[in-house]
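One structure below.
The values are calculated or read from the model by the stated rules, or taken from the named source; none is laboratory data. Fair warning: this is a prediction, and the values are worked out from it, not measured in the lab. Reconstructed Cβ throughout: ideal geometry from the backbone, glycine too, with neighbour counts over all protein chains shown. Only protein heavy atoms, including side chains, enter the accessible area calculation; ligands, DNA and RNA are left aside. Shrake-Rupley method; radii C 1.70, N 1.55, O 1.52, S 1.80 Å.
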Amino acid sequence: MPFYDYIYDTMDKSSDTLYENSLKRKEETPNVVHLTHLTTPESIYHLRFGFASLASKPYSSAWYLWLLWPVTLWSMVLTRIYRRTFVVERNRFHQLRLQTWAIPKYGIQYRLKWQKESVNNMIEEAVLEAEEKGASGEELNRYGEVYVKKHPQLKVKLVDGSSLAVAVLLNSIPKGTTQVLLRGNLTKVAFAVAFALCQKGIQVTVLREDEYEKLDKSLGTKSEGKLVTSKSYSSCKVWLVGDDLTEEEQRKANKGTLFIPFSQLPPKKLRKGCFYHTTPAMQTPTALENVDSCENWLPRRVMSVWRIAGILHAVEGWEEHECGYTMSNIDKVWEACLKHGFQPLKVPTQSKS
């Protein structure tokens, strides 16, 4: 209660009783859990319990956060001690209760081999906790198949969101495009996008021989002769890029090139004369409540497809897992997404600028 209401005895008499009753309320059971992790040590300030002003804006580095390095260092120590996921956001979508859980690990730790077991154990514990709480859908940043095989009795459905990521990428490529350049670490999404583009008659150009061999082995005759290798960086105006894109490669792109990331992390924007689309994401409908912070570098009320996929899975009542190397029907997922009010983002173009 306000301090002066207490001093002058003007507060509601039922306040103490209401407070005590609220403490007895049962913990809210989520229908959907989105599992994420910290990106950098400073990213903790961009969470709701950090600074509300930072959380309400897309993530970016700020010089004044370096002044808080003692607090940042202490938070890193806490993440080492507190080895459990914690709730960072609660939302509602119609009748669904949504929660975002963060794993106390940083982005760089996911790339370290000696951290693999620790990260996997935390994810497994989060999956089992979601199962215990009765969640009906959970999104993972990894393929997640190992957890399904280890716990075949799971009722919670694991969703990596790959099918929706592919759908968004296909609908982000400007109409009339006849060829794209594919560059970056080849993931489940990259293979699926390459296959879908070849089936649509769009030429997929690959720069590196090892990447071409992996794609050719996976697609085989299904590539319809549309998968080619090239040493030229100037032939394509649309680049689908992943985590391994180098600065040197970016600088070789023609002016006006459109970079569309298929990875979860965006490339550095090095070229002023080129255009950069967001990582796979969509505009959320007004029915999604309590959206008062930004998801990483995305604008307000824009949500990553990996997070949306779990919501769709729950609201549509789909019973299958989408993890490992399995993938849901791309057209079905895209149509369901539009039906529930999620809208594609505008692709940056020359005419818009």
*For n ≥ 4 DSSP H runs only, could you compute -39500 (n - 2.57) per run for the chain, divide by its residues and tell me the 222 nm figure to the nearest 500?*
-9500 deg cm²/dmol
*Sorted from largest down, give the three principal axis spans of the alpha carbons of the stretch 163-281, whole angstrom values.*
39, 31, 26
*Using a simple spin-label model with points 7 Å from Cα along the Cα→Cβ vector, what separation in nm is obtained for E117 and W66?*
3.8
*asked:* Loop only by DSSP, 16 or fewer other Cβ within 10 Å of the Cβ. Give me the chymotrypsin sites (Phe, Trp or Tyr not before Pro) in the stretch 11-67 that pass, ordered by residue number.
replied: F49, F51
*Out of T279, T221, T39, any idea which swings most in a Gaussian network model of the chain, alpha carbons joined below 10 Å?*
T221
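Once you list every other residue whose beta carbon is under 12 Å from the beta carbon of F262, what net charge do they have if Lys and Arg are +1 and Asp and Glu are -1?
Summing Lys/Arg as +1 and Asp/Glu as -1 gives 0.
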_For Cα pairs less than 8 Å apart in space and 6+ apart in sequence, what is the mean separation divided by the residue count of the chain, i.e. the relative contact order in percent?_
20
_In the stretch 23-121, the GluC sites (Glu not before Pro) that fall in loop regions by DSSP, at most 14 other Cβ within 10 Å_ = E27, E28
*asked:* Between 0 and 90 degrees, rounded to the nearest ten: what's the tilt of helix 116-133 against the longest Cα principal axis of the chain?
replied: 60
*Degrees between helix 330-339 axis and first principal axis of the chain (Cα, 0 to 90, nearest 10)*: 50
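Net charge near L186, counting Lys/Arg +1 and Asp/Glu -1 over other residues with Cβ under 14 Å of its Cβ?
Summing Lys/Arg as +1 and Asp/Glu as -1 gives -2.
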*HN-Hα J in Hz across the stretch 317-323 - Karplus 6.51, -1.76, 1.60, θ = phi - 60°, x for Gly and Pro*: x, 5, 9, 8, 6, 10, 8
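Averaged over all directions, how much area does the convex hull of the C-alpha atoms of the chain cover when projected, in nm²?
So the mean shadow area of the Cα hull is 22.0 nm².
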_Choice from D16, D210, D160 with maximal GNM fluctuation in the chain (Cα, 10 Å cutoff)_ = D16
*Got a sec? What order do S61, S263, S234 fall in by accessible area at 1.4 Å, biggest, i.e. largest, first?*
S61, S234, S263
*Using the eigenvalues of the Cα gyration tensor, what equivalent ellipsoid semi-axes result for the stretch 254-353 when each is taken as the square root of five times the eigenvalue, whole Å, largest first?*
27, 17, 13
*So what's the gap between the Cα centers of the stretch 198-239 and the stretch 1-69, to the nearest angstrom?*
48
*Proximal charge balance of S118 [Cβ under 9 Å; K/R count +1, D/E count -1]*: +2
*How far, in degrees from 0 to 90, does helix 162-172 lean away from the longest principal axis of the Cα atoms of the chain, to the nearest 10?*
60
*DSSP loop trypsin sites (Lys or Arg not before Pro) in the stretch 146-198 with at most 13 other Cβ atoms within 10 Å of their Cβ, which ones?*
K155, K175
